[in-house]
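In what follows, a structure is listed as structure tokens, so that the remarks can point back to it.
The values are calculated or read from the model by the stated rules, or taken from the named source; none is laboratory data. Remember, predicted model here, so these are calculated numbers, not experimental data. Virtual Cβ from ideal backbone geometry, glycine too; neighbours counted across all protein chains shown.
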């Protein structure tokens, strides 16, 4: 996962996948961290990735900026001889 925008990194202390400040923060944004944040009955789908958010937070755990998790996923894969790239929510 990656931040899809340019940030003032001096203002960012970490990331989380919840709006609740009590949920703390992670130093980096990783897909396993998102998966760990899911409820037991959540079904992983494109719709869920578009509905849920990744939050950049400051030292006080307050939100600085947020994006859909889907927009933060960056991957490249080959399938049947073709290459596909998902970046910033767009497939190329």
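Data overview
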{"quantity": "Sole exception among (1) over 22 Å from residue 10 (Cα atoms); (2) at pLDDT 90 or above; (3) touching a helix residue (DSSP H, G or I) at 6+ places or on another chain (Cβ under 6 Å) for residue 89, by number", "calculated": "(2)"}
{"quantity": "Within the range 57-86, considering residues that are over 18 Å from residue 21 (Cβ atoms) and in contact (Cβ under 8 Å) with a residue 60 or more places away in the chain, the one surrounded by the fewest Cβ atoms within 10 Å (Cβ to Cβ)", "calculated": "74"}
{"quantity": "Which listed residue is farther than 15 Å from residue 13 by Cβ, surrounded by 11 or more Cβ atoms within 10 Å (Cβ to Cβ) and without any contact (Cβ under 8 Å) to a residue 24 or more places away in the chain, from 26, 51", "calculated": "51"}
{"quantity": "Leading residue by the ranking (farthest from residue 71 (Cα to Cα)) among those in the range 4-25 that are more than 14 Å from the chain's Cα centre (by Cα) and not in a loop (DSSP other than H, G, I, E, B)", "calculated": "22"}
{"quantity": "Within the range 3-23, considering residues that are surrounded by 16 or more Cβ atoms within 10 Å (Cβ to Cβ) and either at pLDDT below 90 or touching a helix residue (DSSP H, G or I) at 6+ places or on another chain (Cβ under 6 Å) (or both), the one farthest from residue 57 (Cα to Cα)", "calculated": "4"}
{"quantity": "Hey, residue 28 outside any helix (DSSP H, G or I) and over 11 Å from the mean Cα position of the chain (by Cα) or not", "calculated": "no"}
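Here's the yes/no breakdown for (1) more than 11 Å from the chain's Cα centre (by Cα); (2) assigned to a loop (DSSP other than H, G, I, E, B); (3) at pLDDT 90 or above; (4) closer than 19 Å to residue 91 by Cβ:
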| position | (1), (2), (3), (4) |
| --- | --- |
| 1 | no, yes, yes, yes |
| 39 | yes, yes, yes, no |
| 43 | yes, yes, yes, no |
| 56 | no, no, yes, no |
| 70 | no, no, yes, yes |
| 76 | yes, no, yes, yes |
